[in-house]
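The next block holds one structure in the form of structure tokens; read it before the comments.
The values are calculated or read from the model by the stated rules, or taken from the named source; none is laboratory data. Only a predicted model underlies this, so the values are computations on that prediction, with no experimental measurement involved. A quick note on method: Cβ atoms are made from the backbone with ideal geometry, for glycine too, and the neighbour counts reach across all protein chains shown.
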Amino acid sequence: MINIPKGTKDILPQESYKWHFIENIIRELSSIHGLLEIRTPTFEHTELFLRGVGDTTDIVNKEMYSFLDKGDRSITLKPEGTAGVARAYIENGLGSLPQPIKMYYLTSVFRYEKPQAGRLREHHQFGVELFGTYHPLADVEIISIASSFFRKLGIEGLTLKINNIGCKKCRQNYNDALKEFFSKNSEDLCPICNARINKNPLRVLDCKELSCKKVILNAPICTDFLCAECKAHKETVEQGLNSLSIDYTNDPYLVRGLDYYTGTVFEFVSEKIGAQGTVCGGGRYNDLVEEIGGKSTPAVGFGLGIERLLLLMEAMGVLIREKETTEVFVIPQNDSFQNECLKVISYLRENGISAENDLSGRSFKSQLKYANKMGFKYLMVIGETEVNSGIFSLKNMANGEIIELNKIELVSFFRR
């Protein structure tokens, strides 16, 4: 037997309704907020992620699925969604359209990491990206979309953490301060963080090692190094969140795990799904488009994993509406009425009514048992009486009630 690869998961027919429930809310929410869907390839040139995500990140250093194709080109299964969207923005000339552009995606992402609850080597991500404006109200818009999404799902009790990690102008002074601080405390840092000190000290702040976390508690705070423009941006974002009654906590050490972030960063976290309780994360990436070869373009967005979201909903007891039961199961009285049965089913389906029939050659009695077992709402038997009169008898499988209707009444009955 060939088993499923480690770190992947089948979404079975009996549970796919949960995904449909979430995806439907995503599409409804996106329509309300004027988001258009974008779909990018499953794999990209490896250089996109080296330049965009950053070669000091865990994703690039440890987790990417990269390989040489038959043309000896280095290809990578996308480990996150934003870099591919930024590449598509440049390559397809989206910058020439009226700005800002607001997009969303539902996609698979791939990371070679230790599989654990809600964190798989192939997982699925919902992301929102907004290109073309520096205004802090765009940050508020993105955060409010995420907040609305959780509210529509019935998820409560999340903590929104926000920070501002500065722009190119003020980041350098902060990096210098971090280098000096971490160099003095290098003996207490893990080997990976020691290698990061001179190359990208900001990455140390994202380390999950306990020894590093203790050092980080006394590290310089980025907000002390913000330029006037970044301070004003931060204050306007906070004012916008206050006006929408979106509660938040300032976390001065929040940096996110990707190098492309600048300015605003944020996370929605929960204690219900373990120590690494981030449910959604995002922020500004004003330099990403330019970094991968485009014109300087401001941008902000977020991403969240669907598997972790489902795990959280289960932990919080949030109910997901069950899949709809098929309306009608149609049974021929005997084999001679099989084609008449097919005609009725086709008529129902063309009018938007879900209907099924037996596809396995069961006996009449076995079909009745099957109908009971599968939980169909109504049962209809097609025989000589129904064919001659054009009147159909519907049996309510819940209470046994019999309802007699002609074809037109049949459709009206299910559309009521």
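Residue-wise test of (1) more than 30 Å from Leu153 (Cα to Cα); (2) touching a strand residue (DSSP E or B) at 6+ places or on another chain (Cβ under 8 Å).
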site	(1), (2)
Arg284	no, yes
Gly294	yes, no
Lys323	no, no
Gln333	yes, yes
Glu340	yes, yes
Asp358	yes, yes
Leu368	yes, yes
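Considered as a group, the residues in the range 232-267 that are hydrophobic (A, V, I, L, M, F, W, C) and part of a loop (DSSP other than H, G, I, E, B) include one that is surrounded by the fewest Cβ atoms within 10 Å (Cβ to Cβ), and that residue is Leu244.
Each residue in the range 161-187 was checked for being surrounded by fewer than 14 Cβ atoms within 10 Å (Cβ to Cβ) and either over 24 Å from His233 (Cβ atoms) or acidic (Asp, Glu) (or both), and 6 pass. Among the residues of the range 21-42, is any out of contact with any strand residue (DSSP E or B) (no Cβ under 7 Å at 6 or more places or on another chain), touching a residue at least 12 places away in the same chain (Cβ under 8 Å) and more than 26 Å from Glu141 (Cβ to Cβ)? Within the range 21-42 (the criterion being out of contact with any strand residue (DSSP E or B) (no Cβ under 7 Å at 6 or more places or on another chain), touching a residue at least 12 places away in the same chain (Cβ under 8 Å) and more than 26 Å from Glu141 (Cβ to Cβ)), the answer is yes, since at least one residue qualifies.
Gly71 meets the conditions (1) within 21 Å of Ile11 (Cβ to Cβ); (2) part of a loop (DSSP other than H, G, I, E, B); (3) not basic (Lys, Arg) in every case but one. The failed one is (1). Out of Leu226, Leu258, Leu217, one residue alone is within 27 Å of the chain's Cα centre (by Cα) and not β-branched (Val, Ile, Thr). It is Leu258.
Being part of a strand (DSSP E or B), more than 30 Å from Ala315 (Cβ to Cβ) and touching a residue at least 24 places away in the same chain (Cβ under 8 Å) is true of Thr76. Checking the range 315-337 against the condition returns a match, with at least one residue being surrounded by fewer than 18 Cβ atoms within 10 Å (Cβ to Cβ), among the hydrophobic types (A, V, I, L, M, F, W, C), in contact with a Ser or Thr (Cβ under 9 Å, 6 or more places away or on another chain) and in contact (Cβ under 8 Å) with a residue 60 or more places away in the chain.
So for the range 102-111 (the condition being in a loop (DSSP other than H, G, I, E, B), surrounded by fewer than 20 Cβ atoms within 10 Å (Cβ to Cβ) and in contact with a Gly (Cβ under 9 Å, 6 or more places away or on another chain)), does at least one residue qualify? There is no residue in the range 102-111 that is in a loop (DSSP other than H, G, I, E, B), surrounded by fewer than 20 Cβ atoms within 10 Å (Cβ to Cβ) and in contact with a Gly (Cβ under 9 Å, 6 or more places away or on another chain). When residues in the range 128-179 are screened for being assigned to a helix (DSSP H, G or I) and of a type in the set (Phe, Trp, Tyr), 3 of them pass.
Residues that are in contact with a helix residue (DSSP H, G or I) (Cβ under 6 Å, 6 or more places away or on another chain) and more than 15 Å from Tyr104 (Cα to Cα) were ranked within the range 121-136; the one that is modelled with the highest pLDDT is Pro136.
Identify, from the list Ile320, Ile353, Ile382, the residue that is touching a Phe, Trp or Tyr at 6+ places or on another chain (Cβ under 8 Å) and either closer than 30 Å to Lys161 by Cα or in the same structural domain as Ala138 (by TED's automatic domain parsing) (or both). Full working, then the answer.
Numbers: Ile353 fails: either closer than 30 Å to Lys161 by Cα or in the same structural domain as Ala138 (by TED's automatic domain parsing) (or both); Ile382 fails: either closer than 30 Å to Lys161 by Cα or in the same structural domain as Ala138 (by TED's automatic domain parsing) (or both).
Answer to the selection: Ile320.
Note on the range 1-59: residues that are of a type in the set (S, T, N, Q) and under 30 Å from Asn200 (Cα atoms) amount to 5. Among the residues making up the range 2-50, none is more than 17 Å from Tyr105 (Cβ to Cβ), part of a loop (DSSP other than H, G, I, E, B) and under 14 Å from the mean Cα position of the chain (by Cα).
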